[in-house]
Amino acid sequence: MANRIISVVSGKGGVGKTVTSLNIGLALHNFGEDVVVVDADITASNLGLHIGLYNFPHSLQDVLNKGLDVEKAIYMHHTGLRVVPAAINLDSLKADINKLNIVLREIPADLVIVDAPPGINDEVIKVLEASDEVLVVTNPEIPTVTNAMKLSKVAESLKTHVQGVVVNRYSGAPYELTPEEIEMMVETYLFGIIPEDYIIKESIYNKIPVVAYKPYSDAALAFKQIAAKLIGKTYQPPRFLKLKRLLGLL
């Protein structure tokens with residue numbers, strides 16, 4: 001039975017919510033945590049595609065609509081990460097989302113990371129209601145941060161604890177909002193910053209979360225720090241990291 005359900009949400013699509021969910025989940029697994037990542041985006045599911053999981057006999061929709069035991073819908077990636085994918089065929093665009101709370105609690109894992117649908121709609125509300133905590137993912141742009149602020153307020157109104165905001169694809173360019181500005185706008189704790197890193201696209205192409213694909217890349221280190229913070233720990237990168245990169249040792 002799941003002891004802790006953490007949803008990864010965003011005010012709009014395309015901000016890197018699925019990448020964040022998978023990499024935090026894998027980092028937690030590598031830290032020795034008992035974790036499962038769930039794709040709760042019924043209408044636009046793609047978590048499975050990110051890890052090369054295209055064909056699978058059972059999905060979250062089967063659990064919600066047909067009463068399938070959720071354990072039968074759990075699949076293991078070769079990295080060791082366990083996931084519950086959502087079906088991508090047109091016949092599976094609808095699901096009884098009202099059962100999500102019960103289903104998530106029945107997952108045999110201590111930690112459940114939920115990749116929520118983007119935006120603010122009925123499906124997102126159900127995910128928030130089923131969650132103990134939430135991480136709000138945004139990019140450092142005014143429209144995206146504004147939507148993140150709205151979503152954070154909705155979560156608070158539902159008594160779901162907002163752990164904080166994660167700023168993804170941050171480069172520090174002068175046209176981007178600064179972390180301090182984002183924290184002030186969203187009015188919640190800045191939980192972590194994922195730097196802009198070309199290696200993310202490469203890892204998606206290779207169907208391997210960057211935490212495993214390039215474990216000492218800037219993005220992977222940031223995901224590890226966020227995951228560690230979620231379990232009350234501190235992640236320290238290897239000593240002399242830059243030198244080891246230059247020497248090709250990492």
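If you check V35 against the conditions, is it out of contact with any Pro (no Cβ under 9 Å at 6 or more places or on another chain), crowded, with 17+ Cβ neighbours inside 10 Å and β-branched (V, I, T)?
yes
Yes or no: the stretch 18-30 includes at least one residue that is buried (at least 20 other Cβ atoms within 10 Å of the Cβ) and free of Cβ contacts under 8 Å to residues at least 60 places away in the same chain.
yes
Do we find that G52 is surrounded by fewer than 23 Cβ atoms within 10 Å (Cβ to Cβ), over 27 Å from G119 (Cα atoms), of a type outside the set (A, V, I, L, M, F, W, C) and out of contact with any Pro (no Cβ under 9 Å at 6 or more places or on another chain) in this structure?
Against the criterion (surrounded by fewer than 23 Cβ atoms within 10 Å (Cβ to Cβ), over 27 Å from G119 (Cα atoms), of a type outside the set (A, V, I, L, M, F, W, C) and out of contact with any Pro (no Cβ under 9 Å at 6 or more places or on another chain)), G52 does not qualify.
In the stretch 179-189, how many are within 14 Å of H161 (Cα to Cα) and either touching an Asp or Glu at 6+ places or on another chain (Cβ under 7 Å) or surrounded by fewer than 16 Cβ atoms within 10 Å (Cβ to Cβ) (or both)?
Number satisfying all stated conditions: 2.
Is it the case that the stretch 80-96 has a residue that's within 28 Å of K150 (Cβ to Cβ) and not aliphatic (A, V, I, L, M)?
Taking every residue of the stretch 80-96 in turn, at least one turns out to be within 28 Å of K150 (Cβ to Cβ) and not aliphatic (A, V, I, L, M).
Could you figure out which of (1) in contact with a helix residue (DSSP H, G or I) (Cβ under 8 Å, 6 or more places away or on another chain); (2) at pLDDT below 95; (3) surrounded by fewer than 18 Cβ atoms within 10 Å (Cβ to Cβ) isn't true of I120?
Looking at each condition in turn, I120 falls short on (3).
List the pairs whose first member sits in the stretch 181-207 and is of a type in the set (K, R) and at pLDDT 95 or above, whose second member is surrounded by 13 or more Cβ atoms within 10 Å (Cβ to Cβ) and not in a helix (DSSP H, G or I), and whose Cβ atoms are under 7 Å apart, counting only residues at least 6 apart or on separate chains?
K207/I51
Residues being surrounded by 23 or more Cβ atoms within 10 Å (Cβ to Cβ) and aromatic (F, W, Y): count how many of those fall in the stretch 220-238.
Matching residues across the stretch 220-238 total 1.
Please tell me if S217 is free of Cβ contacts under 8 Å to residues at least 12 places away in the same chain and buried (at least 16 other Cβ atoms within 10 Å of the Cβ).
In short, no.
Suppose we filter the stretch 146-158 for residues that are closer than 13 Å to M185 by Cα, hydrophobic (A, V, I, L, M, F, W, C) and under 17 Å from the mean Cα position of the chain (by Cα); how many remain?
Step one: of the stretch 146-158, the residues closer than 13 Å to M185 by Cα are 146-153.
Those still in the list that are hydrophobic (A, V, I, L, M, F, W, C) too: 148-149, 151.
Next, only the ones that are under 17 Å from the mean Cα position of the chain (by Cα) stay: 148, 151.
Residues in the stretch 146-158 being closer than 13 Å to M185 by Cα, hydrophobic (A, V, I, L, M, F, W, C) and under 17 Å from the mean Cα position of the chain (by Cα): 2 in total.
Report yes if A219 is modelled with pLDDT of 95 or more and closer than 24 Å to P118 by Cα, otherwise no.
The answer is yes for A219.
In the stretch 159-191, what residues are more than 18 Å from V9 (Cα to Cα) and either in contact with a Lys or Arg (Cβ under 7 Å, 6 or more places away or on another chain) or among the acidic types (D, E) (or both)?
Residues satisfying the conditions are E176, E180, E181.
Is it the case that some residue within the stretch 109-132 is closer than 29 Å to Y213 by Cβ, in contact with a strand residue (DSSP E or B) (Cβ under 7 Å, 6 or more places away or on another chain) and polar (S, T, N, Q)?
yes
The values are calculated or read from the model by the stated rules, or taken from the named source; none is laboratory data. None of these values were measured; they are calculated from a predicted model. Positions of Cβ are backbone-derived with ideal geometry, glycine not excepted, and every protein chain shown enters the neighbour counts.
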